[in-house]
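The structure under discussion appears below in the form of structure tokens.
No lab work stands behind these numbers, since they all come straight from the coordinates. What you see is a predicted model; the values in this text were computed from it and never measured. Note that each Cβ is placed from the backbone with ideal geometry, even for glycine, and that neighbours are counted across all protein chains shown.
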Amino acid sequence: MFQIRIHGRGGQGVVTAAEVLSMAAFDSGRHAQAFPSFGSERMGAPVVAFCRIDERPIRTREPVMEPDALIVQDITLIHQVDLLAGLAPEAYVLLNTSQPLDAIGLGALSSRFLPDRLSTCPATELALAHTGRAMPNAALVAGFAALTGQISLAAVEQALRQRFTGPTGERNVAAGDAAYRHVTQALADRSPVTRPLPARAHASTD
């Protein structure tokens with residue numbers, strides 16, 4: 001079982017990100033589960049959502065305490081929430097920021113986690129550029145796909161089109177595509193051996 005925890009703030013689509021992840025996994029023939037934590041989801045308040053992906057039916061309904069991957073939609077939460085709780089050194093970490101980790105006081109993460117499992121992504125900027133809204137969730141789901149390989153970009157695109165219909169869906173797909181390329185390139189740039197790119201198969205728009 002692969003477990004994901006997503007941190008963000010109310011109004012950033014944290015719960016939707018978990019839902020899209022689960023939809024992409026389900027459309028790929030896997031079992032998936034997505035649910036939020038209980039508590040305030042008012043605008044700006046810290047929000048947590050969880051997603052599980054497995055090859056077998058998922059029975060547990062407990063919150064994800066020891067995630068295999070962490071997605072942080074709002075980096076300012078680092079000052080309010082113990083974002084890294086339960087994370088092992090081999091966990092994947094995807095942070096929504098356009099700044100170097102040293103610039104935001106997170107340089108120590110570079111030594112705590114494996115280089116090819118830690119990445120930043122300017123998801124909010126990409127969302128603004130492609131959708132006109134500061135909603136980083138679609139971009140981060142695609143960035144997660146690039147970082148972990150747990151789901152394909154095609155599955156993410158299909159899920160985004162299901163969740164956001166019409167032109168809105170296509171704009172979110174564009175933001176996701178840009179994020180996927182950004183994370184893939186960032187991982188390739190830091191590796192002495194270029195990582196092979198996953199095969200790209202576009203989902204149908206029908």
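Looking only at the range 8-16, decide whether some residue is within 25 Å of S152 (Cβ to Cβ), in contact with a Phe, Trp or Tyr (Cβ under 6 Å, 6 or more places away or on another chain) and of a type outside the set (F, W, Y). No, the range 8-16 has no match at all. Taking (1) over 17 Å from the mean Cα position of the chain (by Cα); (2) surrounded by 15 or more Cβ atoms within 10 Å (Cβ to Cβ) in turn, R61 satisfies each apart from (2). For the range 100-122, the set of residues classified as outside any helix (DSSP H, G or I), in contact (Cβ under 8 Å) with a residue 24 or more places away in the chain, surrounded by fewer than 23 Cβ atoms within 10 Å (Cβ to Cβ) and not hydrophobic (A, V, I, L, M, F, W, C) consists of G105, S119, P122, listed by residue number. No other residue among E125, E157 is surrounded by 16 or more Cβ atoms within 10 Å (Cβ to Cβ), touching a His at 6+ places or on another chain (Cβ under 8 Å), closer than 23 Å to T184 by Cβ and among the charged types (D, E, K, R) apart from E157. The residues on offer are P89, P67, and the sole one that is over 27 Å from F26 (Cβ atoms) and touching a Lys or Arg at 6+ places or on another chain (Cβ under 7 Å) is P89. Contact annotation: residue pairs with Cβ atoms under 7 Å, 6 or more positions apart or on different chains, pairing a residue in the range 60-87 that is closer than 17 Å to G10 by Cα and in contact (Cβ under 8 Å) with a residue 24 or more places away in the chain with a partner that is crowded, with 17+ Cβ neighbours inside 10 Å and of a type in the set (D, E, K, R), are D74/R9. The set of residues in the range 134-147 being surrounded by 19 or more Cβ atoms within 10 Å (Cβ to Cβ) and either over 12 Å from the mean Cα position of the chain (by Cα) or of a type in the set (S, T, Y) (or both) consists of M135 alone.
The residue pairs whose first member lies in the range 149-176 and is charged (D, E, K, R), whose second member is buried (at least 24 other Cβ atoms within 10 Å of the Cβ), and whose beta carbons are closer than 7 Å, counting only pairs six or more residues apart or on different chains, are E157/V173; E157/G176; R161/V173; R163/V20. Checked against the criterion of being part of a strand (DSSP E or B) and not aliphatic (A, V, I, L, M), the range 75-95 contains one or more residues that satisfy it.
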